[in-house]
Amino acid sequence: MDDLASIAELIARGDDSAAFARLRAQLGWPHGRDLADGDLPRYLELLGDLASRRDGQILADLAAAVREDPDSPDRLYDLGYALIDAGAPGIAASLLWRCLRLVGDSEEVVCELVSALESALAYRDALDVLEAHAGLRARSFLCRYLYAFNAAMSGQLDLARSALPALAPDTAETEVMRDAIAAMIERGDRIAGALPLDDRDLRGWHYVLTGGLVMHQSPYGYDDPMRGRYAWLHDSLDRIATGLARLAPLLDEVDVECIYAPPGRDHAILARAASVKLGIPLAEWPTIGSPAPGLVVAYDLAALEPADVQRLAQRRPGQILFAHAAPWTQDAPVAPDVTTLLYQSLVAPWSKLAEAGELVVEDVVADLVAATGLEEVDLAADEPARWRELVARAWPPAPGTRSRLWAGGPVPSNRFE
């Protein structure tokens, strides 16, 4: 049975998830860019069927339009754009690649293709696309910025450095973009020689790209395929306790007088335990304005409300943002100054109690305060000497604008869909 028939059979059986996974493998990047032209309409028909079954009629209609005219740049572009929004950037990239072959040196199409590749964590491929359009880079600030950004995200900091002089800003927005690249280069220079900055140096690259520190590296699949990140993680009280223990000496270099907990049960649990373990009093989260100097404690960065994230865009003097956990497969508006670990999917240690309606916050806080930390087997990938080198050069962070947390980077990890 060929791939098309097997996908159709899965759809007929109602196994949409397996059908989409197989469709994505064939139509998604990079396989889909080389798909025979005659096969494209057949795959798009299956894509439309899946979209219709998930109340995605607009997407299904766009797929049908491309089936009718697969050489229409406008239809390919519209479908690719919609697929990015729908969370299928790999398929979007294949279609936008076909669109670019038809239109040539189009800034709009190149930038949308690069956006799709970035969302698919294919930074090296995005850099190759921009490399092939030197004329477009010469006349487009955005393309020059994307070239520098994807060079850094691909681990080519020298290439990003060479691209920086061409980023002459002419608006407040382009100044922010230029400054983001300059900050990456400055952070890379700061830790040069202390860390290898190779395709295994998760901590070093995380600092260069975001300005944040990662305290703990997962030992599971460390050599390959995860290289320090977690995929699916059911968290533990001991893992959280290890993070708080490593946070304590960092605070010796910052005058932290209080702890803030952003709104949310999980943040409140962690902040209350941190207050006891670190001996720092809790303060009320402000109803307006931004938290003043102090330690902002979040359990999961991805669980912060957008309004609260916006309050943390600027790092005020004496203010530290600590998130125990942060996602690595999706961007976030701000990067924590320090985080315990990076994950793809996370379950809090107290989630089952909460689901059963048996969660007593005071009991969980007491158990967390009593937790002693991870055993040696779970700390096997933490590289204490490299951690000390990084802290010596990179801590504490200076006041200013916090970087975004960028998904992926030069250190590859397997991720599940």
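Please list, by residue number, everything in the range 199-220 whose backbone N is under 15 Å from a paramagnetic label point 7 Å out along Cα→Cβ of Ala192. Label zone hits: 208.
In plain terms, the chain from Asp55 to Leu35 could stretch by 4.5 nm, reckoned as 0.36 nm per residue minus the Cα-Cα distance. Note on Asp15 and Arg124: their simple-model spin labels are 3.2 nm apart, each label 7 Å out from Cα toward Cβ. Taking Lys and Arg as +1 and Asp and Glu as -1, the other residues whose beta-carbon sits under 11 Å from that of Glu383 total +1. Once the convex hull of all Cα atoms in the range 253-353 is built, its volume per residue stands at 103 Å³. Over the range 191-334, accessible surface divided per residue gives 37 Å², non-protein components excluded, 1.4 Å probe. Applying a DSSP loop filter and a limit of 16 other Cβ atoms within 10 Å to the trypsin sites (Lys or Arg not before Pro) in the range 1-103 leaves Arg13, Arg54.
Remark on the chain: hydrodynamic radius 23.2 angstrom, per the Kirkwood mean of 1/r across alpha carbon pairs.
Taking 7 Å steps out from each Cα toward its Cβ at Ala392 and Asp3 produces label points 5.1 nm apart. In terms of its C-alpha gyration tensor, the range 311-390 comes out oblate, because a/c is 1.5 or above while a/b does not outweigh b/c. Semi-axis lengths, largest first, of the ellipsoid equivalent to the range 134-271 are 34, 20, 15 Å, with √(5λ) applied to each eigenvalue of the Cα gyration tensor. Each peptide in 358-365, 237-244, 222-229 receives the mean, over its residues, of other Cβ atoms within 10 Å, and ordering these scores from highest gives 237-244, 222-229, 358-365.
Maximal additional length on extending the Ala385-Ala245 stretch stands at 48.7 nm, based on 0.36 nm per residue less the C-alpha distance. Measuring max minus min along each principal axis, the C-alpha atoms of the range 266-417 give extents of 42, 42, 33 Å (largest first).
At an R0 of 51 angstrom, the distance between the Cβ atoms of Glu355 and Glu131 translates into a FRET efficiency of 0.55. Here the gap between Phe416 and Arg316, fully extended at 0.36 nm per residue and compared with their Cα-Cα distance, gives a gain of 32.3 nm.
The convex hull built on the alpha-carbon positions of the range 1-112 has an orientation-averaged projected area of 6.3 nm². Surface composition of the chain: carbon and sulfur atoms hold 50% of the protein heavy-atom accessible area at a 1.4 Å probe. Dipole check for the chain: with +1 at the C-beta of Lys and Arg, -1 at the C-beta of Asp and Glu, and the Cα centre as origin, the magnitude is about 860 Debye. Helix 265-278 and the longest principal axis of the C-alpha atoms of the chain enclose an angle of approximately 40°. The range 231-289 and the range 312-351 have their alpha-carbon centroids 12 Å apart.
Relative contact order for the chain: 15 percent, from Cα pairs under 8 Å spaced at least 6 residues apart, divided by residue count. Per residue, the range 1-46 exposes 51 Å² of accessible surface when a 1.4 Å probe is rolled over the protein heavy atoms with every protein chain present. Mind telling me which of Ala370, Ala326, Ala168 comes out most flexible in a GNM of the chain, alpha-carbon contacts under 10 Å? Judging by the Gaussian network model, the answer is Ala168.
Between helix 141-153 and the chain there is an angle of about 60 degrees, using the helix long axis and the longest principal axis of the Cα atoms. Note on the chain: GNM, Cα springs under 10 Å; of Asp16, Asp252, Asp105, the largest mean-square fluctuation is that of Asp252.
The values are calculated or read from the model by the stated rules, or taken from the named source; none is laboratory data. Note that this is a predicted model, so its numbers are computed, not measured. For neighbour counting, all protein chains shown are included, and Cβ atoms are generated from backbone atoms with ideal geometry for every residue, glycine included. Just so you know, the surface numbers come from the protein's heavy atoms only, side chains and all, with ligands and any DNA or RNA stripped out. Shrake-Rupley method; radii C 1.70, N 1.55, O 1.52, S 1.80 Å.
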